[in-house]
Structure formats: structure tokens, C-alpha cells
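Have a look at the structure below before the remarks.
The values are calculated or read from the model by the stated rules, or taken from the named source; none is laboratory data. Note that this is a predicted model, so its numbers are computed, not measured. All Cβ positions, even for glycine, are placed from backbone atoms using ideal geometry, and neighbour counts span all protein chains on display.
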């Protein structure tokens with residue numbers, strides 16, 4: 001279990017987190033569900049140290065290695081797909097052959113190996129996001145953070161990319177913290193779901209072991225989560 | 001066809017202005033004030049036959065190229081540091097403001113006092129080419145995509161790779177724009193400095209000598225040489241940057257849907 005206790009953070013006099021605490025089961029996909037602007041992305045940025053200036057009583061998240069799939073692919077336009085993956089690898093500790101093998105196997109998993117020599121601006125949005133998933137898995141990590149990575153994709157692309165993501169995740173089963181405001185995505189991917197409320201950000205409901213539920217229990221849980229989300233608007 | 005038309009129009013414009021020049025020189029009728037194009041080109045051909053002509057050009061070019069390259073390297077390095085660190089930018093800002101607002105002639109006179117006649121044009125060239133390149137490099141660093149920097153931070157990418165992969169890509173178009181401005185400036189400043197510093201060899205020295213000899217045709221001929229060299233350098237620079245662009249990512253039109 002990874003624990004975060006009493007996180008406090010303000011931004012421009014606005015309190016975002018006030019003694020916020022959270023527990024994340026290791027080696028599972030945990031979803032943080034909540035409406036836009038409730039502090040989900042800020043929480044991921046705090047965990048990965050993108051955002052600084054916060055206080056915390058205890059954090060098991062410090063000194064962990066992270067991978068991050070952002071809302072947008074964040075690829076380097078001047079580098080090919082292959083070089084984008086190579087960019088995040090530590091060239092000092094890997095031989096050329098090892099690097100080549102891990103890059104190509106990750107690209108193969110997302111069916112982008114044929115496009116390794118392409119530049120990002122030659123790819124569609126879905127293809128670029130697949131490359132960013134491959135980049136997240138090419139480097140060893142303890143926790144994978146995902147910030148609405150399927151937002152803006154059409155339903156067919158989304159389904160395809162989600163499947164490929166799950167396929168890759170099943171190979172190492174590392175801890176994943178997945179942020180979304182889409183209930184169906186959360187139910188499709190997550191083991192545990194934390195629903196977040198805002199002002200300041202807090203967990204208002206936790207759905208445990210959503211993945212184990214049978215269809216009828218899942219429907220009940222879906223309705224319950226939907227009601228909670230609706231009450232937040 | 002369109003290219004042919006464009007070339008034809010350009011050639012026609014040059015011929016038209018040569019004609020205007022010829023007519024004006026006939027109207028004025030004094031070679032000392034305005035020599036005709038024919039006399040100017042005859043003087044140029046006479047200069048071309050003299051071995052010393054190439055020596056003058058070589059020395060001027062050495063000052064121009066060395067000054068330009070020194071300015072590029074120093075402005076790039078300081079621009080990167082200032083772009084990354086606001087305090088360094090504040091520290092350098094009085095120096096940059098002084099360079100930008102001081103008349104070139106003041107720098108040339110000071111450089112003649114401080115350095116040798118040969119080095120003064122080089123020093124002034126460096127100082128005058130520095131600000132446009134420096135300003136652009138700082139802008140380039142500041143316009144770096146923070147989202148990419150955040151990505152690199154999360155993945156713990158080595159600083160050297162962050163610099164070459166993210167910062168350099170952001171700075172490149174700004175650096176090119178700065179260099180483009182500086183390259184034209186370099187020719188004008190170096191020759192002006194040579195006129196005042198009067199080194200043993202240099203186009204500026206020859207310009208001044210022609211003026212003393214009341215040989216206006218030679219002044220025109222040397223001016224033509226400066227324009228031609230400046231044009232050739234700008235074309236060479238364009239070719240180099242276009243070569244760099246050819247290796248860059250393809251345009252959106254090649255996108256796979």
C-alpha cells in the first residue's frame with residue numbers, strides 16, 4: 001500500500017489540498033474520478049514532483065520512479081518516434097542493442113514499430129498517443145501516472161488504445177494511478193475507484209475491487225457513482 | 001513559368017535602375033559626383049586585375065567572418081544562460097542596452113583607442129552583431145514548451161539530452177533569425193570600422209583612399225564589391241539553413257490519417 005498523509009497545497013491564496021490523505025494499492029490500477037478542476041491533475045503533478053511547494057506529513061510516493069501518460073502525447077517534434085522513446089532511456093546504462101530491443105518491442109506492442117522513423121507531426125492523434133504509451137513502458141518505473149490519456153480520441157481509437165494499454169500493463173502489473181472524469185473508462189480499467197470532491201480536494205467515495213464485480217453489481221455501482229458525480233456538479 | 005516570370009521581372013528592374021543611373025550621370029555630367037555605370041564597371045575590372053585587390057577582400061572577409069562567428073558563439077552561450085536564469089539576464093541588460101543605443105561610430109573610435117588598427121574593426125563587428133543574436137536566443141529559451149520540460153522531468157532525462165532535445169529545438173529558429181540580421185550588419189559595421197581605423201588591408205581602407213584620390217568611380221566599385229559579398233554570404237547562409245530544414249520533420253501534408 002502506498003500512503004499519502006496530510007497533503008496541503010495552496011495556489012494563489014486558493015487552498016487546493018488541506019490535509020488530504022490517500023491510500024493506493026500497489027500493483028493495481030486505481031482511478032481518481034472527479035469533475036474537471038477538482039484537483040486530479042494537480043495531485044498527479046504533486047506525486048511526480050512536477051509541481052513543488054506543498055507540505056506533507058508522510059508520503060510513500062517520494063523517491064519512486066514514475067512514468068506519465070499525459071492528456072496530450074508531449075512528443076518532441078524534431079525527433080522521430082524511435083528517438084522519442086530513446087530520449088527517456090538512460091543511454092549510460094544500456095547498450096545500443098538493449099536499447100534497440102526495448103524500444104522496438106514497446107513500439108510493437110502498440111503497433112507503431114512500422115512508424116519508428118516517422119516524425120510526430122506525420123502521425124494522427126491516436127497514433128501519437130500510442131507512441132506516448134510505448135514511451136511510458138519503455139523505461140522502468142514504480143508508478144505509472146495517467147492523466148485522461150484517451151480524452152479527445154474517437155470511440156474506436158479509444159477502445160483500441162485502452163486494450164493495448166491493458167495488454168502492456170498485464171505484462172508487468174505495476175501501480176497505475178489513472179485520472180479521468182469519464183465513469184465508463186474508470187469502470188473499464190480500474191480495480192479501485194476514488195471519487196474526488198473539490199474546494200479543497202478530498203476523497204468523497206471509494207469503490208473497492210470494481211473489477212471483481214459481476215454485471216448486476218457493476219450496474220448498481222455505476223448508478224451509485226453516477227449519482228455521486230452528479231451531486232458534485 | 002511563374003519562376004521564369006519572377007526572374008525576368010527582377011532582371012528588368014535591375015536594367016531599369018542601371019538606366020536611371022546612366023541618365024542621371026549624363027544629366028549631371030561630372031564623373032567626380034556621379035560616375036556612369038560603364039566607368040564604374042571598367043574601374044571594377046581594373047581592380048580585379050590587381051593582385052592587391054584580393055588581399056583587401058581577404059582581410060576584410062577574415063574580420064567579418066571571425067567577428068560574426070565570435071558574436072554567434074558568445075551570444076549563443078550567454079543567451080542560453082540568460083534565458084535559463086533571469087538574474088543573469090538582469091545582470092547583462094545594462095551592457096546590452098548600452099550596445100544597442102550607442103552610435104557605432106563611438107564604438108569604432110573607442111576600439112581604435114583600445115586595440116590595434118587591425119583589430120578594431122573585428123572588435124566592433126563582434127560588439128554590434130552580439131545583441132540581435134543574444135536577444136533571439138533568450139527569446140528562444142523562454143519560448144521552450146514547459147509541458148515538454150515537465151515530461152523530461154518526470155522521466156528523469158539527463159540534462160544534456162534535455163538541452164539538445166528540447167531547448168536547442170526551441171532556440172534554433174530564433175538563432176537563425178538573429179544570425180540572419182547579424183550577417184548583413186556584420187558587413188556594414190566591419191567596413192565602416194575599417195574606414196575609420198584605416199588598417200593596412202581592408203575594403204574600408206581602399207574606400208577611404210579612393211575618396212582622398214577623388215576617385216568616385218573606385219568608391220562605387222568597392223561599394224559594389226561589398227554589396228556583392230554581402231549578398232553572396234546571405235545566400236550561403238540561406239543554403240545552409242535550408243539544408244538544415246531538409247533534415248527536419250516533414251510538413252503536416254505528409255500526415256498519415
State whether one or more residues within region B:201-220 are surrounded by fewer than 22 Cβ atoms within 10 Å (Cβ to Cβ), within 14 Å of chain A (Cβ to nearest Cβ) and more than 22 Å from residue B:72 (Cβ to Cβ).
no
When you scan region A:202-227, how many residues do you find that are under 14 Å from residue A:35 (Cβ atoms) and modelled with pLDDT under 85?
3
Kindly establish whether residue A:76 is within 14 Å of chain B (Cβ to nearest Cβ) and more than 16 Å from the chain's Cα centre (by Cα).
yes
Residue B:18 is checked against (1) loosely packed, with under 10 Cβ neighbours inside 10 Å; (2) touching a helix residue (DSSP H, G or I) at 6+ places or on another chain (Cβ under 8 Å) and fails just one. What number does that condition carry?
(1)
Which one of these does residue A:25 not meet: (1) under 20 Å from the mean Cα position of the chain (by Cα); (2) surrounded by 15 or more Cβ atoms within 10 Å (Cβ to Cβ)?
(2)
Surrounded by 13 or more Cβ atoms within 10 Å (Cβ to Cβ) and touching a residue at least 24 places away in the same chain (Cβ under 8 Å): is that true of residue B:32 in this structure?
no
Confirm whether residue A:64 is more than 28 Å from residue A:111 (Cα to Cα), touching a strand residue (DSSP E or B) at 6+ places or on another chain (Cβ under 8 Å) and within 14 Å of another protein chain (Cβ to nearest Cβ).
yes
Residues being crowded, with 21+ Cβ neighbours inside 10 Å and in a loop (DSSP other than H, G, I, E, B) - total across region A:142-157
2
Helices (runs of 4 or more DSSP H) wholly in region B:109-190 with at least 3 residues that are within 14 Å of another protein chain (Cβ to nearest Cβ) and over 20 Å from residue B:66 (Cα atoms) - which ones?
B:146-154, B:159-162
Given the conditions (1) at the interface with another protein chain (Cβ under 10 Å from one of its Cβ atoms); (2) within 18 Å of residue A:2 (Cα to Cα); (3) crowded, with 18+ Cβ neighbours inside 10 Å, every one holds for residue A:49 apart from (3)
Being touching a residue at least 12 places away in the same chain (Cβ under 8 Å), farther than 28 Å from residue A:212 by Cβ, away from chain B (no Cβ under 11 Å) and not in a loop (DSSP other than H, G, I, E, B) narrows A:43, A:32, A:7 down to just A:7
Residues of region A:103-140 classified as over 13 Å from residue A:89 (Cβ atoms), within 13 Å of chain B (Cβ to nearest Cβ) and part of a helix (DSSP H, G or I), total
12
Any chance region A:52-61 includes a residue that's at the interface with another protein chain (Cβ under 8 Å from one of its Cβ atoms) and in contact (Cβ under 8 Å) with a residue 40 or more places away in the chain?
no
Single match in A:65, A:92, A:108, A:114 (criterion: at pLDDT 90 or above and under 18 Å from residue B:158 (Cβ atoms)):
A:65
In region A:79-101, which residues are more than 19 Å from residue B:148 (Cβ to Cβ) and within 14 Å of another protein chain (Cβ to nearest Cβ)?
A:92, A:93, A:94, A:99
